[in-house]
Structures are given as C-alpha cells and as structure tokens.
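Worksheet: one structure, shown below.
The values are calculated or read from the model by the stated rules, or taken from the named source; none is laboratory data. Since this is a predicted model, take the numbers as computed values, not measurements. Every residue, glycine among them, receives a Cβ derived from its backbone with ideal geometry; neighbour counts consider all protein chains shown. Heavy atoms of the whole protein, side chains included, go into the accessibility calculation; ligands, DNA and RNA do not. Shrake-Rupley method; radii C 1.70, N 1.55, O 1.52, S 1.80 Å.
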Amino acid sequence: MSPDLRVRLGDVELANPIMTAAGCAGAGRELAQFFDVARIGAVVTKSVMLEPRAGWPAPRMAETPSGMLSAIGLQGPGIDVFLQRDLPWLLSRGGRAVVSVAGGGSAEYAELAGRLSEAPGVSVIEVNLSSPNLADRGRHFTDDPAAAAEAVRAVRSGARSDIPVFAKLSPDVPDLVGLAGACVEAGADGLSMINTVRGMSIDTATMRPAVAGGMGGVSGPAIRPIAVACVYEVHAALPDVPIIGMGGVRTGSDALEFVLAGASAVAVGTVIFHDPSACVRILREFEEALGEHGVARVSDLVGAAHRPMGAALGR
Amino acid sequence: MSPDLRVRLGDVELANPIMTAAGCAGAGRELAQFFDVARIGAVVTKSVMLEPRAGWPAPRMAETPSGMLSAIGLQGPGIDVFLQRDLPWLLSRGGRAVVSVAGGGSAEYAELAGRLSEAPGVSVIEVNLSSPNLADRGRHFTDDPAAAAEAVRAVRSGARSDIPVFAKLSPDVPDLVGLAGACVEAGADGLSMINTVRGMSIDTATMRPAVAGGMGGVSGPAIRPIAVACVYEVHAALPDVPIIGMGGVRTGSDALEFVLAGASAVAVGTVIFHDPSACVRILREFEEALGEHGVARVSDLVGAAHRPMGAALGR
Amino acid sequence: MSDFRPVQMRSPVLTVRRVDAYHAITVVAPGVAERFRSGQFIAVAVGGDQSGMLLRRAFAIHDVKPDYGGTVEFLFAVRGGGTAWLAERRSRDLLDIVGPLGRPFPLPRDPVNCVLVGGGYGSAPLFPLAHTLRGRGCRVDFVLGAASADRVFSAITARRVAETATFTTDDGSFGVRGRVTDALPQVIEDARSDVVYACGPMPMLREVSAMAMRHDIPVQVSVEETMACGTGVCMTCVVPVVGEDGITRMVRSCVDGPVFRGERVRFDDVGTIPFDALGAPGWKARGGDDPVSAREAG
Amino acid sequence: MSDFRPVQMRSPVLTVRRVDAYHAITVVAPGVAERFRSGQFIAVAVGGDQSGMLLRRAFAIHDVKPDYGGTVEFLFAVRGGGTAWLAERRSRDLLDIVGPLGRPFPLPRDPVNCVLVGGGYGSAPLFPLAHTLRGRGCRVDFVLGAASADRVFSAITARRVAETATFTTDDGSFGVRGRVTDALPQVIEDARSDVVYACGPMPMLREVSAMAMRHDIPVQVSVEETMACGTGVCMTCVVPVVGEDGITRMVRSCVDGPVFRGERVRFDDVGTIPFDALGAPGWKARGGDDPVSAREAG
Ligand SMILES: Cc1cc2nc3c(=O)[nH]c(=O)nc-3n(C[C@H](O)[C@H](O)[C@H](O)COP(=O)(O)OP(=O)(O)OC[C@H]3O[C@@H](n4cnc5c(N)ncnc54)[C@H](O)[C@@H]3O)c2cc1C
Ligand SMILES: Cc1cc2nc3c(=O)[nH]c(=O)nc-3n(C[C@H](O)[C@H](O)[C@H](O)COP(=O)(O)OP(=O)(O)OC[C@H]3O[C@@H](n4cnc5c(N)ncnc54)[C@H](O)[C@@H]3O)c2cc1C
Ligand SMILES: Cc1cc2nc3c(=O)[nH]c(=O)nc-3n(C[C@H](O)[C@H](O)[C@H](O)COP(=O)(O)O)c2cc1C
Ligand SMILES: Cc1cc2nc3c(=O)[nH]c(=O)nc-3n(C[C@H](O)[C@H](O)[C@H](O)COP(=O)(O)O)c2cc1C
Ligand code: FES
Ligand code: FES
C-alpha cells in the first residue's frame, strides 16, 4: 500500500508535501516543459510585488561549493501581469498556487493580499519578509519582529479568511524563535523557512565582489544543515504551527530530513536549476523512502526526530 | 621576484599568512607527518581549557554537502598537559604557536592567559568565545557582547603585554559588527572569524539527529560565502583591526578571497581532514596567485575588494 | 517538428576529442538533435551525482548528426572546475544534459548574403547556422577571430562551407593580426552582405552591431551572460534589451535569447539597470521607492 | 622499515573487481605498501576535485603485493555516495589516498594458536594478518560471518590459509546459520586458541571480547567509529577505552586504534561519555561544571 502523502497547511490540504521554492520556478510555466505541474503539492511563485521591478544588475550569481550566491533583487512584472498571465496559466494546468508576496510596507502587503483574494484559485499566500522595509531605511522586515508582525497582520487582514497566510523567515536574525512567535501572534497560519543565508563571493581575477549587489544570498545543499536546525528549533518551540521547510533539498531523503525536523511540506529551490525535473524526482524518492520505513501517513512523521528514541514513529 | 608574504598580527610578524584553524590540527604533531610545520605562518592549536575535558559522545560528526557538521565539545587534556607536551613539541620543530583558549568564565580565561604567558614561545592567544559561559546558564560568550568583552578583557589582563590577543567570533550573533567592536574596545588586538555555523543533520535511517549533541557546527567550503561576508563587513567597519579569516578555505584562491575581503591571515580548518597537506599546498597556490597578479606584498591586498574599481591594488 | 520543448536526458558520450585549444564532446542525444535549431545551446550537469558544482554549464551546439538516432557535439575551452571535469570524460560515460535551449537564430526567408562573425568559442553555433543558410541558398561569409591560432575555430570547415573565410588573431599567429571588427567592414562590402550573425564576447558584439547599423543591415547576436538554470526560472542571466514597444526590459538571455537583434541590446548598459528600464528604481514614481537592498534574497 | 609515517599519494587504479557483494580496488601505492602492517587502513578521497563529499573514506587494507613497486587492495560494499563513486572507478583513474593509518594488530612473539573472527567486510584486515601469523609459525583458524552468502569474505582464501575456516550467515545461505559468536566457543576449544583477533560491528566485538575473557585468552579488536580525518586531528572518532592506569579516556580510534585490546574497550558505553571518564562532566569537581552546550563549536 502506498503511503498517504496528503498534508495540511492550515485549512488547505495538499496532495503531497513537495513544492517549489519562491523565485526558483517562476510560476510553473517553464518547468511544465519537464513535468506536469499538477503532480506536485504546489507551485510557490516568484515573490510578486505591486509594481514591475527590474532588480539588481548582472552578474547576479556566483557558484559556491554545493550552492550558489544570488542577488536578483525581486525582478518581476508586478501583480497586474501576474494576475492576468501567470496565475491563470498555472490554474489552467491544474497546479496548486502558493503565491509569494513582497511589499515595501504594510499598505502594499495588504493591497497585494486583497488583490490575490479577489482572484480565484490562490491556495496559500506566503509573505516574503526579506524584502526591504521602506519605512525603516530599507532594513528587512525580518530584522525587527514588530515590523515583521505588522507586515503579516497587513496580509492577514487583506486576505480572504479561508486563505492561509505563511510568513517566510530568514535565518539571519537575532532570535528566530522570537520572530516566528511574533509572526504567529500576528496571524500567520504557518511559517516558511529558510530564505537564503547572507553571503559574499569575491572574484579573485577582478578582485571585486562577484555579484553586482555585493552581498547576496547563499542557497542550495550547502545551507541544508543550517535550514534543518532552524526548522527543528522553531518546531520545538511552536509544535502546532505548520512549517514549509526548505534549504538545499536535493533528494527525497533530504525532504524526509525536513519532515522529521518538523516541516509539514518541503520546498525545492536551487536544485531545480541543477535538475529541472527535481520536484517530481524528489516526490518519487520521498514516497519510496516512506515505503521503506513502512510509514502509512507522512503526517505521522512530522517532527518525529523530536520524539524520544524508539518512539520516532509515534506508534 | 617572489612576493613578500610577511603579515603582521598586532605586534607579531608571521612569515606568511597561512595557518591552521583551531581544533583542526591538534598542536601540529600529527600534521608534521605530512609537512614541515615551520613552513606555514602559524599553527593555531585546539582550544585549551584549564582541566581535561571529555567532550561530547560519538557520533560527533556527519558529512554535509561540501562541509561537515561536528559537535566535539572541546575534548582536550587541559593546560598542564598542553604546556608539558604539546607546546614544547611545536616549538622544538620551529613552529609558530597561536594558542586558542576556552574558559567557562573570566577567571578561567585570565588564568589560562597567565599560564601561557609564563611559558616561552606563545606568539598569539586566540580567545574562543564560543565556549559556554557558566555564569550565564551556558550561553556562549558571543551571545552577549558584554560577556564577550569581559572574557577578552580577562585574557588581555592575564596575558603578557607583548602577546597579541585575538577574539574568535561566531557568525550566529545578532550583531557581528557590534560584537567585534566590543571585543576590540575590551583590548582585543585582532579578530578571528568565523567559527562554525550552527546546524543540524537528521539521520533518515534512525530518524534521530545525526550527531549525539543534536545541534552541531557546520564547517568547510559550504560556509565560505558566509565567512567571506562576515570578514568583509567587519573589515569595512573596523579597517585597522587585523583579522584572521577562515571558513572553508580549500585552495590558494580561496585564501586570496579572504585577504581581499579584509583578512591579514587565513586559517585552514576542515579541509585539512580532506587533505592533510592542505596548508602547504594552499600556501604554494596562494603565492602563485599573487605572482600571477604581479603583487609585490600580500599586505597590499588586504581588503582590496573594498576599494573602488580599478584601484583594487591600491597603486 | 511540432514539439519544441527541451528535454532532459542522460546521454552517453560517443567521443571526446582535442581540437587545438578546445575539447569537443559528442553525445548521443536523439531528443535534443531532432529538436535542434541553429543558435540553441545545451546545459550540462558537471561533476557527477555528489558534485559540489551545482549549476549546469551552457554550451552552444556545434554540430548535430543523425548517427545513433541523433548526436550532438559541443566544443569548449577548459576554464574552471566544470570544464576541467568535462575534459576528463571518456566515451560511454553518461552526461546529464538539458536541451535544446534558447531562441535560435532567425533565418531569412530569401536567399540573401549572410556574414557570420565569431570570436573564440563563440564561433561554435555559427557552423550549423552556415549549413542551414547554405541549404536555403544563402551566400555565407565567415569572419572568425581569436586570441591565437590554436583558438581559431574549425578553419578548414569554414573555408569549405563558406564563400569566403577571413581569420583574425590578436597575435597575428593565424590570418590577419587584429580583431574581427577590423576585417568585417571590408567583408560586408565585398560580399554585399544583407545580414550579420555574430557570437562572441559582449564588446565584440557591441562593435559588430554598431557596424551593421552603420551599414544599415540587420544583425543577430548571440550573447553570453552567466546562467544558473538555462531554463528561464532563476532570473540570473538578464540583459537590458529594448522591446518592440520601445521600452527597455531586463530580459532573460536563456529563453528570450541568447539570440537578440543586435540593435535592441543596450550593450553600453550591460551590467547595469538602465534608469529607464521597466521597473528600474524610480521608473514609476511611487514616492521613495528605493533600490532593493543588498541583503535581498530574491 | 624505519619510517612508519603515513604517506599521501595519487595512486593509479590497477584493477576494479566485483567480488560477490563487494568491490575490490587495487591501487599502485608503493609508499603505503612498504610501510603497511596488518590491521592498518587507508583513507581515500572520493568524488574528485570539486566533490561535495569532503571527508575521506576509511578502508582496511586487504592485501599488499610487491608488483609495480607495491600495490594495495581494499574491499568495500556500496553504501552511500562515496562508495558508489569508488565502485565506478576504472583502471588508470587516480585515487588520492593516505596511509597506512592506525595501530596495527600486535603480533605474538611465539608461534601460538590464533583465531581470527570477522563480520562482513570486517574480515578484510584479517587476511594479511593470517598470512603474517602463518609466516611466524602460528596456527590460524577463521570464523567469518555475514548476513548472507554473497557477503562472506574470500571463503576460498580463508580455507587455504587457515587450519580451519568456519562460516556463519544470518540466513543460513552459506555455512552455519547464525552468528560468528555462536560458532566461536567451539572453535576456541577445538583449536586450543591462545589469542583472538576480531574485526566487525561493535556488538559483535563486544560479544567476542566477552567470550575471550571467559576463556581467559587475550583478544585484539579492530573497531569502526565514524572518522572525519583518519589522521588524529579532528577528535570525531573517539571510543571510551580503559588505559593501563585504570582510567577511562575518550581515545581516537584512528591513531590510538583501530586495534585495541578487547577487554579495555568499554563497549557498553560506546556512544556515551562514561561518568568516570577523564574530563567527563563532574569528573573533577570544579563547581557547576556543565556539560558543554549543544552549540559548542569544537
Ligand atoms: C549560451 C551560452 C553558450 C555557451 N557556449 C559555449 C561554448 O560553446 N563553448 C565554451 O567553451 N563555452 C561556452 N559558454 C561558456 C561556458 O558556459 C563557460 O565557459 C562554462 O560555464 C565555464 O564553466 P567552468 O566550470 O569551467 O568555469 P567556472 O568559472 O568554474 O564556472 C563557475 C560558474 O560560472 C558560470 N560561468 C563561468 N563562465 C561563464 C561564461 N563565460 N558564461 C556563462 N556562465 C559562465 C558557470 O556556468 C558556473 O556556474 C557558453 C555560455 C553561454 C551562456
Ligand atoms: C578503520 C575503518 C576501516 C574500514 N574498513 C572498511 C572496509 O574494509 N570495507 C568497507 O566496505 N568499509 C570499511 N569501513 C567503513 C567505510 O569507511 C564506510 O563504509 C564508508 O565510509 C561509507 O562511505 P559512503 O560515502 O559510501 O557512505 P556515506 O554514508 O555516504 O558516508 C557519509 C559519511 O559517513 C562516514 N561513514 C559512513 N559509514 C561509516 C562507517 N561504517 N564507518 C566509518 N565512517 C563511516 C563516511 O566516511 C562519510 O564521512 C571502514 C571504516 C573504518 C573506520
Ligand atoms: C535565484 C533565487 C531567487 C529567489 N527568489 C525568491 C523570492 O522571490 N522570494 C522568496 O521568498 N525567496 C526567494 N528565494 C529563496 C528560496 O525560495 C529559498 O528560500 C532558498 O533559496 C533556500 O532554498 P534552496 O536552497 O532550496 O534554494 C530565491 C532563491 C534563489 C536562489
Ligand atoms: C572538528 C572541529 C573542531 C573544532 N574545534 C575548534 C576549537 O577547539 N576551537 C575553536 O575556536 N574552533 C574550533 N573549530 C572551528 C574552526 O577553527 C573554524 O573556525 C571553522 O571550522 C571554520 O573553518 P573551516 O571551514 O576551514 O573548518 C573546530 C572545527 C571543527 C570542524
Ligand atoms: S539562466 Fe536562469 S533564467 Fe536564464
Ligand atoms: S578521525 Fe579524526 S581524530 Fe580520528
């Protein structure tokens, strides 16, 4: 008997826990050349902003050991184009849409949430809190739990009540558990983590920073142990809050690692660049791993690594 | 003409900038089987404590993509054995000794510094601030700039005035630049960074954390972009403070990357496990890279990536 | 050819050859070969299953043959870890490739005179293009340049396929000393070229485009920007390009390119966000809209 | 043999063979071969220059031959990424190896009766040991066990070298159904064994040691703990071992082992810090000495 892969993110049920990570899959269209996007749990879109945004100049990336450094700067066409072109396409293919939003302040976040709530078919809204808070000299919302909470509150109030709101956290914060708690307090139905880790590469030929933005974000398998630690720690503190775990997932076993740490769903980011079919491959490997363990329901495994030895399966 | 590789760490001059990282080379004896330890800039010893310490149970490590997770727990024989056995051996081979110390509180730090100052031949004392502060429920000294400053002050006051004191920082702190400033204010002659990054692996077979300590530290090339960002940022804020840069150095080009970011010397840690001759290989590659760039003095390159385009060499 | 979608496959290596300063690898990749059109590229995973090199490497397709159901050849110079690893492949090894990717060279409807300008390994995609153009009755002239003789590409094939083939090297070790742009105007005039196709480094493409514009003939350039995915999802490979509507956008060179009309690429602004680009800071005044901070994740 | 230091070298692969469930690789490594003593191991870098797998893999040396100046053979089962990569090597590939590493099996001065007990690939280091012991006039008896027939090691060689060879398999597919420890007491009695040498999983070593102690004969065990460096600098490979002075220390199995006197290894406490170990929490009261916190870097 194949395991029951269904997972819940707040009030929403997904057919399986494997999804794309924001900014690593567009809105699904390019990946549909390689697999049927309806087969995975959900497509998390590139963070959408109100207006078109050009982002950072090139070079925008550098390869790093088992990872990459990137500084894209939230390039995108804005919410209008997203609602006219990208979202309908994804829904027409039977894909589940988790829409990531990025704003410069509460008003923008609320407006984005409102616009998405008018459109049919948005399953979850993910709040990218690593965008610059214009009211605070461009510091990120995650730098200040109060600012993060305000952004979450804005999205929650702007969004239809049946759409779960997930707050996406960066690991580069003074107190991750405190930040997570503040977001939940402010109405987040769940948490997504982690965003990229702050980093830098210097091109030894030019002797300059390798990406035009100077600093960038590290992603990929290199950061997986950092991400697993974040998920584990936040799940320990807030065991009832669903988590979308991510950071360097490359195989089904990696996805399982996140579930054991406490994630209800798992997103695949940078590894998509390596393998455009990664999500379906990982889903298959994940299902096989569950079978080998004789697990009936993936939900039984969420946070299993926290349980005392021998009770991992909670049976 | 071969480039001038000499670098200064406070009042001490080293023949070249390549050294071992604390805890990755013992006190040099095992590596001496593979190369002459007098050839590298210095050997940084495993952190020494006052008393013998057994550390964490096994398993103490797990491999991670381009890195490893470890939780050793400062196992060591204590300062007496170090002074009787390890330090004399290193000095007898002509090695330069940078001695890392770890204490549970200011009194221990001061005592360690005093003991080391009585012994001849200690070039630099490195203060490992990632050891548990017993007065603060075992939180690390780096978690609190005031506690870190106090530990540094204790070492500085206990140490002979001609021995430079370097404060070793962890990247997992709310405000790295603030912490660095507090350490310098407290008398640190320089900074070492970075220590390992907090992380976790879960063994999907046993469904338990892969290392006995649960959480561990990530090291190796995976963390290099994180480390380079830390060095860059602190050098930007405190350009006159010498930095020993480390985190995933694998090649001479990686070492150069740290120098360009602002490091005066570069330590090699985890990569020694991969290649016991790494330090001398990296030194050779580093020298070659300088030659290719036509650089006369390594000191000309320290922080060069901060300079405006075209002025990288400061000439 | 109804299905233009790229495919992903594990392709057996047929041959690995040294060609002067380059390595040429031929893989058996029927799905790629049958979909291929000149100017497209493949993205190759490097380093094996547990590789620390996560990103695929992009290579122009240099040749496609019907053998074994369809083979694909690409040429490369060893540069860093990925190309070093590729150079060590042997026949029967498997390569994980994705392709064909990108917008191909648009082909003229009529049998016009085409000059093909290549710099270094940028010459690679021009060879299949030359064959296709010849098949359509076009005149083909080559202008190929490189740093030195061992980096000039397939000179013999070029001479065979084209009406004329002009070679330039920086050091004068082969053909004319100088750059392709030194030789190009004369070739355009002698051959009465109607269109220019070019592939090579950005500065070369900029000059070639400027020349074509001065001669008032269309120019198609294939650009090279660092690419993380090659499939259009990562947004790392952008260049500023002016659209039909006159608006400059940061477009993806992997799917909207790598081939662009030369006069539309804002070569002088490559590596910047032009102030008038769609979504540039201050592009549409919303009051205090700041450039995205450096800590930006995406 | 005045120089016992391990060497690091790039060794060409001579052969890669399948042996039942195992792969056997022979490399040309004169420096390792000439220094080798039974029980020592090599540490092999895996995945190539840009590998994401940073740590060397440890393998017991199974055979050493004088050909080509000195060759070294090791056997392994594919387990994870590193062994999978090794299994794909071909002759003439280069392997970066360090060795010989570790404390070898101590040899008896007199020609005594030795029983050699191996579990799975743990049998590997017992073969060169058997040859050496035979060379010294010792009687050798083998007890080799594994999960199934295809995991039993070199049965033919074992029969040839030893006086007797007893085989056990968990599934009974070869030899006696059961474990080596089921067969061992009888062998010890029949062969009047004077000393036991054992290599295999920790639980097996614990039982073998207990048996030897009951028979009041010395036992040398080769343990296997996860190792990051193999050279003694990382402190990851520790096991609790009682010293000559009666004090338990966390000792490095790579340099102080992998061979220990069985009765000195605190098998029941493997994976813990025994409370009475040197430097254990509270070992020497200094008031409030806490176990090192989980965020501990080193
Ligand atoms: C559309 C396109 C077609 C190309 N065709 C060819 C070809 O036919 N022959 C050839 O030799 N090279 C070609 N290149 C360049 C080739 O992709 C790089 O030389 C190669 O990626 C270098 O990899 P490396 O591991 O050796 O170098 P490294 O410097 O180690 O690579 C590190 C990272 O930077 C990226 N990178 C480095 N240089 C380039 C570059 N010039 N362009 C894009 N990304 C780069 C790599 O993909 C990798 O992610 C092409 C590039 C593009 C974008
Ligand atoms: C002294 C010694 C001698 C050994 N001799 C042999 C031998 O002759 N034949 C053989 O097949 N195996 C032997 N092993 C075990 C062998 O080292 C592991 O099977 C191998 O490291 C697994 O690597 P992997 O990449 O396939 O597995 P992975 O699970 O991917 O390895 C991940 C990490 O864990 C470490 N690791 C995993 N399993 C073990 C293990 N059992 N022991 C130590 N480290 C481990 C690896 O070194 C690596 O760092 C020996 C181990 C030791 C310590
Ligand atoms: C190129 C790139 C673009 C990204 N864009 C976004 C984004 O728009 N919004 C967001 O919340 N996260 C973004 N991320 C972060 C990823 O969603 C993910 O959190 C992070 O990369 C860690 O996962 P990974 O290691 O699997 O990539 C981006 C990451 C990359 C590499
Ligand atoms: C096994 C191990 C032990 C370590 N022990 C210490 C230590 O005793 N004291 C210390 O300050 N840092 C210690 N470190 C941290 C290293 O010195 C270094 O800061 C870190 O590993 C980053 O460098 P790397 O990536 O080159 O290893 C240890 C690291 C490892 C992997
Ligand atoms: S390379 Fe990823 S979008 Fe072009
Ligand atoms: S494996 Fe590093 S000390 Fe033993």
Apart from one, (1) more than 14 Å from every other protein chain (Cβ to nearest Cβ); (2) surrounded by fewer than 24 Cβ atoms within 10 Å (Cβ to Cβ); (3) within 25 Å of D:Pro201 (Cα to Cα) all hold for D:Leu86; the odd one out is (1)
Does B:Gly121 count as touching a strand residue (DSSP E or B) at 6+ places or on another chain (Cβ under 7 Å), over 18 Å from B:Ala267 (Cβ atoms) and open to solvent by 10 Å² or more (accessible area, probe 1.4 Å)?
yes
Taking region D:219-250, which residues are touching a helix residue (DSSP H, G or I) at 6+ places or on another chain (Cβ under 7 Å) and either basic (Lys, Arg) or assigned to a loop (DSSP other than H, G, I, E, B) (or both)?
D:Val223, D:Ala228, D:Cys229, D:Val233, D:Cys234
Report whether or not C:Val152 is over 30 Å from A:Ser219 (Cβ atoms) and at pLDDT 95 or above.
no
Top-ranked residue of region C:70-93 - restricted to ones that are free of Cβ contacts under 8 Å to residues at least 24 places away in the same chain and small (Gly, Ala, Ser), ranked as nearest to ligand 5 (Cβ to nearest atom)
C:Gly80
Applying the selection to region C:220-258, what residues are at positive phi and within 7 Å of chain A (Cβ to nearest Cβ)?
C:Gly232, C:Met235
Could you pull out the residue among A:Arg39, A:Arg29 that is open to solvent by 10 Å² or more (accessible area, probe 1.4 Å), in contact (Cβ under 8 Å) with a residue 60 or more places away in the chain, more than 16 Å from ligand 4 (Cβ to nearest atom) and in contact with a Phe, Trp or Tyr (Cβ under 6 Å, 6 or more places away or on another chain)?
A:Arg29
Are any of the residues in region B:71-84 closer than 28 Å to B:Glu285 by Cα, open to solvent by 10 Å² or more (accessible area, probe 1.4 Å) and either more than 14 Å from chain A (Cβ to nearest Cβ) or of a type in the set (D, E, K, R) (or both)?
no
Restricting to region D:267-279, count the residues that are in contact with a strand residue (DSSP E or B) (Cβ under 7 Å, 6 or more places away or on another chain) and either assigned to a helix (DSSP H, G or I) or open to solvent by less than 50 Å² (accessible area, probe 1.4 Å) (or both).
7
Just checking, which of A:Gly214, A:Gly252 is surrounded by fewer than 24 Cβ atoms within 10 Å (Cβ to Cβ) and either within 16 Å of ligand 2 (Cβ to nearest atom) or free of Cβ contacts under 8 Å to residues at least 12 places away in the same chain (or both)?
A:Gly252
Residue that is within 16 Å of ligand 4 (Cβ to nearest atom) and open to solvent by less than 10 Å² (accessible area, probe 1.4 Å), where the choices are B:Met49, B:Met61, B:Met68:
B:Met68
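Quick grid of which residues meet (1) in a helix (DSSP H, G or I); (2) open to solvent by less than 40 Å² (accessible area, probe 1.4 Å); (3) modelled with pLDDT of 95 or more:
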{"site": "B:Val152", "(1), (2), (3)": "yes, yes, yes"}
{"site": "B:Val155", "(1), (2), (3)": "yes, yes, yes"}
{"site": "B:Ala167", "(1), (2), (3)": "no, yes, yes"}
{"site": "B:Asp172", "(1), (2), (3)": "no, no, no"}
{"site": "B:Val177", "(1), (2), (3)": "yes, no, yes"}
{"site": "B:Val184", "(1), (2), (3)": "yes, no, yes"}
{"site": "B:Ser192", "(1), (2), (3)": "no, yes, yes"}
{"site": "B:Thr206", "(1), (2), (3)": "no, no, no"}
Residues in region C:118-154 that are under 18 Å from the mean Cα position of the chain (by Cα) and part of a helix (DSSP H, G or I): how many?
13
Within region B:88-115, track down each residue that is open to solvent by less than 10 Å² (accessible area, probe 1.4 Å), in a helix (DSSP H, G or I) and within 25 Å of B:Thr196 (Cα to Cα).
B:Tyr109, B:Leu112, B:Ala113
Scan region B:32-58 for residues that are outside any loop (DSSP other than H, G, I, E, B) and either farther than 22 Å from D:Pro6 by Cα or within 7 Å of chain D (Cβ to nearest Cβ) (or both) and jot them down.
B:Gln33, B:Ala42, B:Val44, B:Val48, B:Arg53
Which one of these is touching a residue at least 60 places away in the same chain (Cβ under 8 Å) and either at the interface with another protein chain (Cβ under 9 Å from one of its Cβ atoms) or of a type in the set (Asp, Glu) (or both): D:Asp96, D:Asp67, D:Asp49?
D:Asp96
In this structure, does D:Ser154 turn out to be out of contact with any strand residue (DSSP E or B) (no Cβ under 7 Å at 6 or more places or on another chain), under 30 Å from D:Pro12 (Cβ atoms) and buried (at least 24 other Cβ atoms within 10 Å of the Cβ)?
yes
Mind checking which strands (runs of 3 or more DSSP E) fall wholly inside region C:29-71 and carry at least 2 residues that are surrounded by fewer than 20 Cβ atoms within 10 Å (Cβ to Cβ)?
C:63-65
Does region C:259-280 include one or more residues that are at pLDDT 95 or above, aliphatic (A, V, I, L, M), within 16 Å of ligand 3 (Cβ to nearest atom) and under 18 Å from C:Pro106 (Cβ atoms)?
no
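Counting only residues that are charged (D, E, K, R) and free of Cβ contacts under 8 Å to residues at least 12 places away in the same chain, which one in region C:195-219 is farthest from the other protein chains (Cβ to nearest Cβ)?
Among those residues, the one meeting the criterion is C:Asp216.
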May I ask you to verify whether A:Ala62 is over 21 Å from A:Thr20 (Cβ atoms), modelled with pLDDT of 95 or more and assigned to a strand (DSSP E or B)?
yes
Please go through (1) among the aliphatic types (A, V, I, L, M); (2) buried (at least 24 other Cβ atoms within 10 Å of the Cβ); (3) within 12 Å of ligand 2 (Cβ to nearest atom) for D:Ile97 and return the number of the only condition it doesn't satisfy.
(3)
What residue, among those in region A:180-209 that are among the charged types (D, E, K, R) and facing another protein chain (nearest Cβ under 7 Å), is nearest to ligand 1 (Cβ to nearest atom)?
A:Arg208
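Out of B:Val98, B:Val122, which single residue is touching a Phe, Trp or Tyr at 6+ places or on another chain (Cβ under 8 Å), closer than 21 Å to B:Gly26 by Cβ and of a type in the set (Val, Ile, Thr)?
B:Val98
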